[in-house]
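The values are calculated or read from the model by the stated rules, or taken from the named source; none is laboratory data. Small disclaimer: the values here were computed from a predicted structure and weren't measured. As a convention, Cβ positions derive from the backbone with ideal geometry for all residues, glycine included, and neighbour counts pool all protein chains shown.
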Amino acid sequence: MLKKISHIIMVIVLLVSTTGMTVSKHYCQGSLVNVNIFGEAKTCCDDIGTSKCCHNESAHFELDEDFLVVANDIQFQETTLDLLLPFIQSFVFNEIEPQDFETVNINPPPPKEVLAFLSDIQVYRL
């Protein structure tokens, strides 16, 4: 379970770091009032354009490196049928004679009596 949780955390960290995230901060009279990730910070003033004491700052954080996909070119050697051909010849081209097989007479056990069978499927409550 711990392994699954650590994998999920690593995937989330990789996803956020590659797509990037925006941090928005709202300052009022020089002090930080509100911080919001992935959105605009809430303002404490109704009209931020006319207010001289409040301002918003936003910063975008993202990795600059691209992940490259490496293509592996796998070369297979040509195989010959030297080992497969005798096997095919022995089983396909030669007929299998019926006298080669021995039959074993296996008798299953006799069926249970009706009362013994019913007692096996009943439920006994005490």
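General remarks:
- Test: C45 is more than 28 Å from the chain's Cα centre (by Cα) and at pLDDT 75 or above: no
- Counted residues, region 50-90 - those being modelled with pLDDT of 75 or more, of a type in the set (D, E) and either closer than 30 Å to V13 by Cα or surrounded by 10 or more Cβ atoms within 10 Å (Cβ to Cβ) (or both): 3
- Some residue of region 8-19 being assigned to a helix (DSSP H, G or I) and surrounded by 14 or more Cβ atoms within 10 Å (Cβ to Cβ): yes
- Pairing residues of region 110-123 that are exposed (fewer than 10 other Cβ atoms within 10 Å of the Cβ) with residues that are in a loop (DSSP other than H, G, I, E, B), at Cβ distances under 9 Å and at least 6 apart in sequence or on separate chains, gives D120/K112.
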